[in-house]
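Presented below is the structure to which this report refers.
The values are calculated or read from the model by the stated rules, or taken from the named source; none is laboratory data. As the structure is a computational prediction, the values presented were derived from the model and not from experiment. Here the Cβ is made from the backbone with ideal geometry for all residues, glycine too, and neighbour counts use every protein chain on show.
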Amino acid sequence: MVTRVLPRTAWASALLWSLACASALAEAPTPFIIPIEPGKTGQAATATEGNTVYGKPAVPLVWNVTSPTLTAFLPDPAQRATGTAVIIAPGGAYLMLAIKHEGEDVARWLASRGIAAFVLKYRVAPMPKDEAGFKAERDRQMREPQLVSAIVRKQAPTSHTDGRAAIKLLRARAAEWHIDPHRIGILGFSAGGGVALYSALEYSPEERPDFAAPIYGAVLGDIKVPADAPPIFLAAAADDPVLGSDGVMNVYSSWRAAGRSVELHLYSKGGHGFGLLPQGLASDHWLDAFYAWMKDQGLAKPRS
């Protein structure tokens, strides 16, 4: 066995790099909860929520969200913030939220690039309160997927309302978090992609997102693109076994037909629910593509 010994200068550089990284992590703002419903504290708003790890692959999940909140991940103060904000809506069939790989991990990635990120816990359909009951019910739903269809139809409008409310709240309080009120967008996955999509389709002036990014997003019904629809970024996999690719293609065609700005990344492989779970596929790089699109839109530049 040959042991490689780094020169003293290399060790010194490595040590300095480690200290610099540790310092940056120490200075990064701690995430904090913003209740969307007036008069609620963060503790009260999250009191009903359950947390577990479940699925294949097993991922952290939150269920029984009965009061919507945003968890803020703000850029390091030492970094020059862009002023852009992205609301992130995790997926989960309107029953639960894949809070990490479709939420917090994405938020930290964006915040490290000067973009204020806010993970949206939107209201989801009720599930058993205890962990064992939740997992048993999810197992049953996986065996009988038709059970979920009725839940989606009933729950989706409420969840979509929370997306619009989150945009309105950030716009009204933009100065508190050094956000440009004209650079607020929403990104979502699967059911959360439905929240993002319908935030870009149905809105009042205060609720209109400045951009949207449904990632393998749920498409429910016809697409009627408003005359002032925001720019939209779409990403999905052609081999998605849950939602397929017809829905995302319909969104793309509808935006194009309306003469509105749209970009689509349809990967040949990736399946459904990949988020930031690495698979060794081209679809692993969708977030880099989204960030490049943000640059094209002028959303990743620091404010002058």
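Right, GLY247: over 18 Å from GLU202 (Cβ atoms) and not in a strand (DSSP E or B) or not? Taking the combined requirement at face value, the residue does not satisfy it. The residues of region 214-231 that are over 24 Å from GLY275 (Cα atoms) and under 21 Å from the mean Cα position of the chain (by Cα) amount to a single one, ALA229.
Looking at SER159, SER112, can you tell me which residue is more than 14 Å from PHE189 (Cβ to Cβ) and of a type in the set (S, T, N, Q)? Write out each step before concluding.
Working: SER159 fails: more than 14 Å from PHE189 (Cβ to Cβ).
Matching residue, one of SER159, SER112: SER112.
Report the residue count in region 172-195 for those that are over 14 Å from GLY92 (Cβ atoms), crowded, with 20+ Cβ neighbours inside 10 Å and not hydrophobic (A, V, I, L, M, F, W, C).
As a first pass, look at region 172-195 and keep what is over 14 Å from GLY92 (Cβ atoms): 172-187.
After this cut, where a residue has to be crowded, with 20+ Cβ neighbours inside 10 Å as well, the list is 179, 183-187.
Cutting the leftovers down to not hydrophobic (A, V, I, L, M, F, W, C) gives us 183, 185.
The total comes to 2.
Residue check: is VAL242 of a type in the set (Val, Ile, Thr), surrounded by fewer than 17 Cβ atoms within 10 Å (Cβ to Cβ) and more than 18 Å from the chain's Cα centre (by Cα)? In short, yes. Within region 268-283, is there a residue that is part of a helix (DSSP H, G or I) and at pLDDT 95 or above? Yes, that holds for at least one residue. ASP240 passes every criterion in (1) out of contact with any His (no Cβ under 7 Å at 6 or more places or on another chain); (2) assigned to a loop (DSSP other than H, G, I, E, B); (3) closer than 23 Å to ARG153 by Cβ apart from (1). Of all residues in region 275-286, those being surrounded by 14 or more Cβ atoms within 10 Å (Cβ to Cβ) and in contact with a helix residue (DSSP H, G or I) (Cβ under 6 Å, 6 or more places away or on another chain) number 3.
For region 196-221, taking the residues that are more than 12 Å from HIS160 (Cα to Cα) and in contact with a Lys or Arg (Cβ under 7 Å, 6 or more places away or on another chain), the one that is surrounded by the most Cβ atoms within 10 Å (Cβ to Cβ) is identified as ASP210.
Report yes if some residue within region 197-219 is within 30 Å of ARG80 (Cα to Cα), in a helix (DSSP H, G or I) and either touching a residue at least 12 places away in the same chain (Cβ under 8 Å) or of a type in the set (Phe, Trp, Tyr) (or both); otherwise report no.
yes
Can you name the residue in region 24-35 that is more than 23 Å from HIS101 (Cβ to Cβ) and outside any strand (DSSP E or B) and, of all such residues, is modelled with the highest pLDDT? Break it down into steps so the answer makes sense when it comes.
Step one: filter region 24-35 for residues more than 23 Å from HIS101 (Cβ to Cβ), giving 26-27, 35.
Then keep just the ones that are outside any strand (DSSP E or B); that gives 26-27.
Numbers: ALA26: 44, GLU27: 57.
Looking at residues that are more than 23 Å from HIS101 (Cβ to Cβ) and outside any strand (DSSP E or B), I get GLU27.
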